Amino acid sequence: MKTAIKDLKALDQKYVWHPFTQMRDWTDEEILVIDRAEDCYLIDTEDRRYIDGVSSLWCNVHGHQIKKINQAVKDQLDKVAHSTFLGLSNVPAVLLAKKLIQSAPRGLARVFYSDSGSEAMEIALKMAYQYWQVRKNPRPKKNKFVHLELAYHGDTIGSVSVGGIDLFHQVYKPLLFETYSAFSPYCYRCKFGLKKESCKRECFQELEHLVAKHHEELVAIVVEPLVQGAAGMIDQPSGYLTKIRELADRYDVLLICDEVATGFGRTGTMFACDQESVTPDIMAVAKGITGGYLPLAATLVKEKIYEAFLGDYGEFKAFFHGHTYTANPLACAAALANLEIFEEDKTLETLQPKIALMKHRLEKIRALKHVGDVRQVGFMAGIELVRDKSTKKPYDLTEKRGIGVCKRARKYGVIMRPLGNVIVLMPPLGIAENLLEELLNVTEKCIREETESSGHC
Ligand SMILES: *Cc1c(COP(=O)(O)O)cnc(C)c1O
């Protein structure tokens, strides 16, 4: 057994290239090979158990090895694993589409499937652009998008074009299409030096000016509703999303909401948009859709978007997009079971006290010497570490403080992954309260060890 584990690590190092990873740092000590999972624990090949502190990168919902989802996938496997969705349909994909529309913000009417969040966004951008070209009163000049700084919408070229995280995106700049970028409401580091409680949403006014000036050429406003996840859990002041919806309506620009991270209960409601009763024209979902089981994504649109693509065959108005595995039946079956559990187990109801518990514990963490800001939207939280709390001076990224905290957490049986200097907490919605407390205790302990002691581990 032991040699087998060593072999696996050696094989990984010999053959594999991991995503978003500096492979030079991929040492023996660093590699952890997951063998199986149970409830909210991941278990490695050496039988060590770890709390899944970031929901296997923000996608796991009810936990691992959920009986109902396991069974749904097995049952589907005994019928058909895959058949194409180009010119054919399949049972779970149809049923899931209905269920998605029933749970989505009112007014979204059609589901277009894909395989990842990036692709769901790529589709949203293509659809939005094409909508203005093919609709009854075409607006051919509309060919630009406006998005927020620090946005993350995926890592394909289109989704990177509307992104704004320099660390990930800078190198590809020459390949990207041109966009307008507006300030992001990063209140802790407000560009205007204002306070959230007393500001007049000056950052929003910048977006407003951009849209007012360029609306003739604007296809859509692209936004992560309520919270910019990958930017470091940057939460928007309340009413911000509503203002964006009004702005889009006022200037006849579409609103694309990227609910890839926020969807399926992560913010405490089914979708983040629900909290401001906003219906986007186009909404992208992925991560939590299958409960964290299989790759699947979807782009939901209003009927008016869908209708614009209707026409005689010879008008070639069809939406020419689709991949080999689009609407994979196994993934759709998992997603359907995932959504049924939300109803059967009242997932959103039982989540509320856990959100409160997290909030309470985070206040204690906020008081730590090197914690500059704590941001929480539902069950998504970010803890921003700073070198100097009074001046908000950040740690240099090369100090790898975020990575340092997460490395320490592993020793205490917790898997976490930081975003630069921001420690991310995003456990599965189904986590038990005692486990959630353990996760928060370990987080606090590791932040203290990493930032308050001078010794090295
Ligand atoms: C993760 C994420 C994406 C990309 O999803 P993938 O499935 O990784 O392609 C897009 N938008 C947001 C807001 C995300 O958090």
Which of Leu294, Ala220, Tyr172 sits farthest toward the positive end of the charge dipole of region 70-344, with +1 on the Cβ of Lys and Arg and -1 on the Cβ of Asp and Glu? Ala220
Provide the solvent-accessible area of Glu202, counting protein heavy atoms only and rolling a 1.4 Å probe, rounded to the nearest 10 Å². 50
Round to the nearest 0.05 the FRET efficiency obtained for Arg135 and Glu202 when R0 = 30 Å and r is the Cβ-Cβ distance. 0.30
Please report the projected area of region 17-113's Cα convex hull averaged over all directions, in nm². 9.7
Relative contact order computed over the chain (Cα-Cα under 8 Å; 6+ residues apart), in percent: 21
Could you work out how far apart the two model spin labels at Ser83 and Phe177 are, taking each label as a point 7 Å from the Cα in the direction of the beta carbon, and quote it in nm? 3.5
Charge-dipole axis of region 70-344 as Lys and Arg at +1 and Asp and Glu at -1 on Cβ define it, positive-most pick from Ala182, Phe85, Pro105: Ala182
So if each residue of separation counts as 0.36 nm, and I subtract the Cα-Cα distance between Tyr306 and Thr391, what length gain in nm does that give? 25.6 nm
I need the calculated FRET efficiency for the pair Ile31 and Tyr412, taking r as the beta carbon distance and R₀ as 30 Å, to the nearest 0.05. 0.95
Using helices alone, I'd like the mean residue ellipticity at 222 nm for the chain: each DSSP H run of four-plus residues gives -39500 (n - 2.57), total over residue count, nearest 500. -11000 deg cm²/dmol
Suppose we keep just the alpha-carbon trace of the chain; what are its Rg and Dmax in angstrom? 22.2, 71
Quick one: what Rg and Dmax do you get for region 194-315 from the alpha carbons, in Å? 16.1, 57
Normalising by the residue count of region 2-160, find the relative contact order in percent from Cα pairs under 8 Å and 6+ residues apart. 11
Please give the solvent-accessible surface of Asp252 in Å², to the nearest 10, using a probe radius of 1.4 Å with every protein chain present. 70
Excluding ligands, DNA and RNA, what is the solvent-accessible area per residue of region 283-417 at a probe of 1.4 Å, expressed in Å²? 46
Heavy-atom accessible area of region 372-412 with neighbours in place, 1.4 angstrom probe: carbon+sulfur share in percent works out to 52
For region 419-442 versus region 270-284, the gap between their alpha-carbon centres in whole angstrom: 25
Want the number for Asp7 to Ile157: 0.36 nm per residue separation, take away the alpha-carbon distance, what's left? 50.4 nm
Grab the eigenvalues of the alpha-carbon gyration tensor for region 98-157, scale each by 5, take roots, and send me the semi-axes largest first in whole angstrom. 21, 19, 11
Any lysines with Cα under 20 Å of the Lys302 Cα? List them, leaving off those in the same chain fewer than 8 positions away. Lys98, Lys99, Lys126, Lys136, Lys142, Lys243, Lys317
Expected-Rg normalisation [2.2 N^0.38 Å, Cα atoms] applied to region 40-86: 1.53
Antiparallel content of DSSP bridges confined to the chain, in %, to 5: 65
Could you order peptides 126-138, 352-364 by the average number of other Cβ atoms within 10 Å of their residues, highest first? 126-138, 352-364
Between Ser238 and Glu452, Cβ-based FRET efficiency (R0 30 Å, step 0.05) works out to 0.35
Would you list Thr27, Thr179, Thr347 from the most to the least accessible area, probe 1.4 Å? Thr27, Thr179, Thr347
To the nearest 20 debye, what charge dipole does the chain have about its Cα centre, counting +1 at the Cβ of each Lys and Arg and -1 at the Cβ of each Asp and Glu? 680
In what sequence, largest accessible area first, do His82, His323, His64, His147 appear using a 1.4 Å probe? His323, His82, His64, His147
Show Arg201, Arg189, Arg250 ordered by accessible area, largest first, where the area counts protein heavy atoms only and the probe is 1.4 Å. Arg250, Arg189, Arg201
Say each of Glu363 and Asp249 gets a label point 7 Å from the Cα, pointing the same way as Cα to Cβ; how far apart are those two points in nm? 3.6
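The values are calculated or read from the model by the stated rules, or taken from the named source; none is laboratory data. Model, not experiment: these values are computed from the prediction. No Cβ is skipped: glycine too gets one built from the backbone with ideal geometry, and neighbour counts run over all protein chains shown. Side chains included, ligands, DNA and RNA excluded: accessible areas come from the protein's heavy atoms. Shrake-Rupley method; radii C 1.70, N 1.55, O 1.52, S 1.80 Å.
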